[in-house]
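Every number in this text was worked out from the coordinates using simple rules, so none of it is lab data. Fair warning: this is a prediction, and the values are worked out from it, not measured in the lab. Methodologically, a virtual Cβ is constructed for each residue, glycine included, from the backbone with ideal geometry; neighbour enumeration extends over all protein chains shown.
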Amino acid sequence: MKRLLRVLLNVVTTMSLLLFVVTMILWVRSHWVTDHLWLSPLRGVHYDVSSRPGLILISRSALTGRTSDIYSDSLDRGPGWSFESSALPKAPVSPFTPDGSHPAWQWLGFDHLAYVQSWPSFGVRKFRRIIFPMWSAALASALPSIPPLVRIVRRKKWRSEGACPACGYDLRATPGRCPECGTRVGASAAKSKE
Ligand SMILES: [Zn+2]
């Protein structure tokens, strides 16, 4: 059981580090290129994930109450997905608007925008968008791997100090076995102190 837990923890740590690296690459990339992923599960509903310099934008648009047979390619393309990358414009337009979150949140790179638009001859469109900064994604992806890394560094330090590698108890008086937690320690661990 303990072994399984350790394997699971290693998987989570590796995934988190991998995600962190991917986020960092996307972060740097976002200053040169705009990535755009478009996904529609059904006609009239689509999700949009795109990058801006240092930012990630995720939006959902849903068209309901259709009143005509006019179809708009940008609003209700049929189900499917697409991905495209384009060079960043020379003067990129800020995605933040006064209709979004408080300016303090926007300054940090966070935003939430929601509105309902209605066209009498077309239908009603519900739009919702969140923006978050790449740094928050990098931080969130790195977080799960911090405790295991701290543990590894601490264990290394304890070992080099001649302390118990499991609990850090001073083993200079009792080399070989930790009186605190019972961990058997190789003689070399205590000797390395000298
Ligand atoms: Zn111990």
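Quick look at the values:
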read-out	value
Residue pairs meeting the criteria (Cβ under 6 Å; at least 6 apart or on separate chains; first closer than 9 Å to SER145 by Cα, in segment 7-21; second part of a helix (DSSP H, G or I) and of a type outside the set (A, V, I, L, M, F, W, C))	VAL12/PRO144; THR13/SER145; THR13/PRO148; SER16/SER141; SER16/PRO144; SER16/SER145; LEU17/SER145
Residue within segment 184-194 that is part of a loop (DSSP other than H, G, I, E, B), loosely packed, with under 15 Cβ neighbours inside 10 Å and within 15 Å of the ligand (Cβ to nearest atom) present	yes
Positions within segment 95-114 being within 14 Å of SER51 (Cβ to Cβ) and out of contact with any Ser or Thr (no Cβ under 8 Å at 6 or more places or on another chain), in sequence order	PRO95
Tally of residues being part of a helix (DSSP H, G or I), surrounded by fewer than 16 Cβ atoms within 10 Å (Cβ to Cβ) and not hydrophobic (A, V, I, L, M, F, W, C) across segment 120-147	2
Residues being assigned to a strand (DSSP E or B), of a type in the set (Gly, Ala, Ser) and within 17 Å of LEU57 (Cβ to Cβ) - total across segment 90-119	1
Leading residue by the ranking (nearest to the chain's Cα centre (by Cα)) among those in segment 148-174 that are in a helix (DSSP H, G or I) and within 16 Å of the ligand (Cβ to nearest atom)	ARG151
